[in-house]
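Trainee: So that we are looking at the same thing, I have put the structure below in structure tokens.
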Amino acid sequence: MSHALSSAVLCSLLLGAAVATAETRPAPSATAPAAHAADRHDADREGWPDTRVGELARGWVSAFSVGPDSMKAFITHHLAASSLASKGVAQRVERYLDLREKYGTLTLVSVVKAEGPKLTAKLMASDATSHEFVFTAQDEAPYQLLSVGIMEPGHFGHMFGH
């Protein structure tokens with residue numbers, strides 16, 4: 001009987017501890033779903049700012065890392081007509097192939113500066129070196145990408161005008 005009694009007391013203590021723990025946990029707030037939605041939205045952007053130039057830069061980096069067909073499609077659909085007039089799609093894809101060979105894939109490390117239609121981002125290449133890219137977009141409709149430049153250390157900036 002004493003074994004049964006000590007088991008009952010032990011169960012009571014464990015149950016009491018579980019109830020006490022449950023009572024001290026904070027209740028989920030009414031804003032939790034909205035906060036989680038915002039977190040998901042931020043994760044979808046992968047650290048890029050929620051701006052027109054941020055979306056264009058993110059798309060360019062994604063296309064760069066996927067391959068030539070993706071980059072050609074990106075250039076065709078998202079580069080401003082004025083930029084394409086000075087250097088056509090074929091020339092830009094050719095330049096892209098040189099850069100892809102040099103850098104491999106690119107990943108966002110950080111946004112260095114985002115101001116108006118211009119965004120400077122630190123991107124990491126496949127060899128783990130980081131490079132600053134400057135994305136410039138139109139500040140009026142149709143809000144397309146005007147150029148992409150690479151700022152190389154020790155130079156005044158190599159802008160390849162993608």
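The values are calculated or read from the model by the stated rules, or taken from the named source; none is laboratory data. Since we're looking at a predicted model, the values are computed, not measured. As a convention, Cβ positions derive from the backbone with ideal geometry for all residues, glycine included, and neighbour counts pool all protein chains shown.
Trainee: Identify all residues within the stretch 88-123 that are in contact with a His (Cβ under 9 Å, 6 or more places away or on another chain), crowded, with 16+ Cβ neighbours inside 10 Å and in contact (Cβ under 8 Å) with a residue 40 or more places away in the chain; write none if there are none.
Mentor: Matches in the stretch 88-123: 92, 96, 99, 106, 123.
Trainee: Can you name every residue in the stretch 107-135 that is under 17 Å from the mean Cα position of the chain (by Cα), under 27 Å from residue 89 (Cβ atoms) and not aliphatic (A, V, I, L, M)?
Mentor: Once the filter is applied, which keeps residues that are under 17 Å from the mean Cα position of the chain (by Cα), under 27 Å from residue 89 (Cβ atoms) and not aliphatic (A, V, I, L, M), the stretch 107-135 yields 107, 118, 120, 126, 131, 132, 133, 135.
Trainee: Condition first: among the charged types (D, E, K, R) and either modelled with pLDDT of 95 or more or touching a Leu at 6+ places or on another chain (Cβ under 6 Å) (or both). Can you find one or more residues in the stretch 59-80 that meet it?
Mentor: Yes, the stretch 59-80 contains a residue that is among the charged types (D, E, K, R) and either modelled with pLDDT of 95 or more or touching a Leu at 6+ places or on another chain (Cβ under 6 Å) (or both).
Trainee: State whether the residues of the stretch 62-81 include one that is polar (S, T, N, Q) and loosely packed, with under 12 Cβ neighbours inside 10 Å. Write out each step before concluding.
Mentor: In the first step, residues of the stretch 62-81 are kept if they are polar (S, T, N, Q); the result is 62, 65, 70, 76.
Pick out the ones that are also loosely packed, with under 12 Cβ neighbours inside 10 Å and you get none.
No, the stretch 62-81 contains no residue that is polar (S, T, N, Q) and loosely packed, with under 12 Cβ neighbours inside 10 Å.
Trainee: What residue, among those in the stretch 112-128 that are out of contact with any helix residue (DSSP H, G or I) (no Cβ under 9 Å at 6 or more places or on another chain) and of a type in the set (Lys, Arg), is farthest from residue 51 (Cα to Cα)?
Mentor: 122
Trainee: Does residue 73 satisfy being out of contact with any Pro (no Cβ under 6 Å at 6 or more places or on another chain) and over 17 Å from residue 57 (Cβ atoms)? Full working, then the answer.
Mentor: Values: out of contact with any Pro (no Cβ under 6 Å at 6 or more places or on another chain): yes; over 17 Å from residue 57 (Cβ atoms): no.
It is false that residue 73 is out of contact with any Pro (no Cβ under 6 Å at 6 or more places or on another chain) and over 17 Å from residue 57 (Cβ atoms).
Trainee: Please find, within the stretch 124-162, the residue that is modelled with the lowest pLDDT out of those that are touching an Asp or Glu at 6+ places or on another chain (Cβ under 8 Å) and surrounded by 13 or more Cβ atoms within 10 Å (Cβ to Cβ).
Mentor: Taking the stretch 124-162 first, the residues touching an Asp or Glu at 6+ places or on another chain (Cβ under 8 Å) are 131, 150-151, 158.
Then keep just the ones that are surrounded by 13 or more Cβ atoms within 10 Å (Cβ to Cβ); that gives 131, 150-151.
On the way: 131: 97, 150: 96, 151: 92.
Filtering the stretch 124-162 for residues that are touching an Asp or Glu at 6+ places or on another chain (Cβ under 8 Å) and surrounded by 13 or more Cβ atoms within 10 Å (Cβ to Cβ), the one modelled with the lowest pLDDT comes out as 151.
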